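Data block below; observations after.
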Amino acid sequence: MADTRRALITGITGQDGGHLAQLLNEKGYEVFGLLRGQHNPRRAEVERDMPYVHLIEGDLTDPTSLVRAVETSNPDELYNLAAVSHVGYSFKNPSLTADVTAKGVLNVLEAVRVTGREQATRVYQASTSEMFGGLDYNRPGAGYNENSLFHPRSPYGVAKLYGHWIAKNYRESYDMFVSCGILFNHEGERRGVEFVTRKITHAVARIKLGLQPQIELGDLWPKRDWGYAGDFVEGMWRMLQHSEPDDFVLATGETHSIEEFLTLAFGEVGIDDWRPYVTQNPAFMRPAEVDILLGDPSKAEKVLGWERKVDFPGLVSLMVAHDLRLAEAQRLSV
Ligand code: NAP
Ligand code: G4F
């Protein structure tokens, strides 16, 4: 019988960490997750929902903890998903964002190298479409691909670009298997409520059940290429099964505005006009905005055989249905 494969996931408490842990467990992996903080409020959730995950305490800003995590888990595959991942927050905390989202990647790669696992551990780095910036001059009609220009528009995007290039540098310098997934926005039931899609579906369910009157948002015109997180973690895994390390865009190839998202989400609960329920608050606007993101996933489709299964209306529908169940449970408990 073949040995059980071992995977270490940083960012285990995050949206993608949860989807990926589930996928790897279904595939028979022994799954390890890096957990930060002396009292992480999400520990109990992980222990309840993913009892098969071995938790290892550590932090992306603490190189020694990462060395210990790699030694303890001895992983065949390491998925570096941990980051300060909220773009708006990165404007308010740019130095922390650089420490975690940029230098943290270096710390992870070094942990693999100094433990002598550079030929044994395949590494996935969570790169992002935020690196492209969505500016007019930098906007290809058919969507951004692996060769498009980068022009990040936030401390988060800049930090991710460092992570992307240091990952490629370790691939080239040390012959390490390091693949970068340039992922466009992906959402779902596990999405944090600080991100616009979940903030909307969470509020729509509560408005429908009379638990809150309105929702406050920032700019409504930006467009995003929104896919389903469950589909995207399958693409991450495929990148590490490929014969060569490489960069791959994962996207849906469609872009939609926040207004379109609002129309579909409110429509799911029978509200045709969302405008009376939405106010705009400058506190949720950013010093520099990414106007539009549209990805071209044709390389991942062709080389990895990856495909997205959930379309835009399906995504909105599953998120609203999930949040209606949560809101209903909350209403019954008060
Ligand atoms: P998320 O839900 O915000 O999760 C971020 C994770 O990083 C959390 O588990 C968080 O742990 C952990 N973390 C933060 N600071 C840390 C530190 N100093 N040390 C260790 N762990 C730390 O993000 P996500 O949506 O799952 O995204 C996963 C990755 O993909 C991120 O790197 C993100 O930037 C990138 N990405 C996401 C998207 C998307 O649309 N979702 C698109 C492209 C790229 P705590 O629970 O302790 O805070
Ligand atoms: O949901 P968002 O915060 O996601 P954003 O900024 O696109 O970043 C997400 O996707 C990236 C991939 O492209 C990831 F790398 C990153 O980690 C993260 O997962 O905001 C989407 C859009 C923005 O234009 C924002 O300005 O929604 C706009 N928006 C309008 N009102 C809002 C709000 N965003 C948030 N979070 N909250 C609002 O109230």
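The values are calculated or read from the model by the stated rules, or taken from the named source; none is laboratory data. As the structure is a computational prediction, the values presented were derived from the model and not from experiment. A quick note on method: Cβ atoms are made from the backbone with ideal geometry, for glycine too, and the neighbour counts reach across all protein chains shown. Heavy atoms of the whole protein, side chains included, go into the accessibility calculation; ligands, DNA and RNA do not. Shrake-Rupley method; radii C 1.70, N 1.55, O 1.52, S 1.80 Å.
Screening Gly253 with (1) closer than 22 Å to Tyr144 by Cα; (2) part of a helix (DSSP H, G or I) gives one miss only, at (2). When the residues of the range 256-285 are filtered to those that are small (Gly, Ala, Ser) and part of a helix (DSSP H, G or I), which remaining residue is least open to solvent (accessible area, probe 1.4 Å)? The selected residue is Ala265. Is it true that some residue in the range 39-54 is of a type in the set (S, T, N, Q) and within 16 Å of ligand 2 (Cβ to nearest atom)? Scanning the range 39-54, I find no residue that is of a type in the set (S, T, N, Q) and within 16 Å of ligand 2 (Cβ to nearest atom), so the answer is no. Only one of the numbered conditions (1) open to solvent by less than 20 Å² (accessible area, probe 1.4 Å); (2) closer than 30 Å to Gly295 by Cβ is violated by Leu106, and that is (1).
The residue pairs whose first member lies in the range 185-207 and is within 17 Å of Arg275 (Cα to Cα), whose second member is within 14 Å of ligand 1 (Cβ to nearest atom) and basic (Lys, Arg), and whose beta carbons are closer than 7 Å, counting only pairs six or more residues apart or on different chains, are Thr197/Arg191. Being more than 16 Å from ligand 2 (Cβ to nearest atom), under 18 Å from Asn74 (Cβ atoms) and open to solvent by less than 30 Å² (accessible area, probe 1.4 Å) is a property that Leu8 has. Being in contact with a Gly (Cβ under 8 Å, 6 or more places away or on another chain) and assigned by TED's automatic domain parsing to the domain that holds Tyr277: is that true of Arg153 here? No; evaluated as a whole, the condition is false for this residue.
One residue alone among Ser129, Ser85, Ser73 is more than 9 Å from ligand 1 (Cβ to nearest atom) and under 30 Å from Ser243 (Cα atoms), and that residue is Ser73. The one condition from (1) touching a Lys or Arg at 6+ places or on another chain (Cβ under 8 Å); (2) free of Cβ contacts under 8 Å to residues at least 60 places away in the same chain that Asp273 does not meet is (1).
Residues in the range 229-250 that are part of a helix (DSSP H, G or I) and open to solvent by 10 Å² or more (accessible area, probe 1.4 Å): Gly230, Asp231, Glu234, Trp237, Arg238, Gln241. Picking from residues in the range 193-219 that are within 15 Å of ligand 1 (Cβ to nearest atom) and open to solvent by 30 Å² or more (accessible area, probe 1.4 Å), the one that is farthest from Met319 (Cα to Cα) is Glu194. Restricted to the range 51-65, and to residues there that are open to solvent by less than 60 Å² (accessible area, probe 1.4 Å) and within 9 Å of ligand 1 (Cβ to nearest atom), the residue that is nearest to His164 (Cα to Cα) is Leu60. Scanning the range 17-49 for residues that are open to solvent by 30 Å² or more (accessible area, probe 1.4 Å) and part of a helix (DSSP H, G or I) returns Gln22, Asn25, Glu26, Arg43, Ala44, Glu45, Glu47, Arg48, Asp49. Just to be sure before I move on: is Gly88 assigned by TED's automatic domain parsing to the domain that holds Glu130 and either open to solvent by 30 Å² or more (accessible area, probe 1.4 Å) or free of Cβ contacts under 8 Å to residues at least 60 places away in the same chain (or both) in the structure I sent? When the stated conditions are applied, Gly88 does not pass them. Scanning the range 151-176 for residues that are away from ligand 2 (no atom under 13 Å from the Cβ) and either outside any loop (DSSP other than H, G, I, E, B) or surrounded by fewer than 19 Cβ atoms within 10 Å (Cβ to Cβ) (or both) yields a count of 13. Contact annotation: residue pairs with Cβ atoms under 8 Å, 6 or more positions apart or on different chains, pairing a residue in the range 102-125 that is away from ligand 2 (no atom under 16 Å from the Cβ) with a partner that is of a type in the set (S, T, N, Q) and open to solvent by 10 Å² or more (accessible area, probe 1.4 Å), are Lys103/Thr61; Asn107/Thr61; Arg117/Asn74.
Just one of the numbered conditions (1) in contact (Cβ under 8 Å) with a residue 60 or more places away in the chain; (2) under 19 Å from Ala251 (Cβ atoms); (3) surrounded by 19 or more Cβ atoms within 10 Å (Cβ to Cβ) is not true of Leu135: (3).
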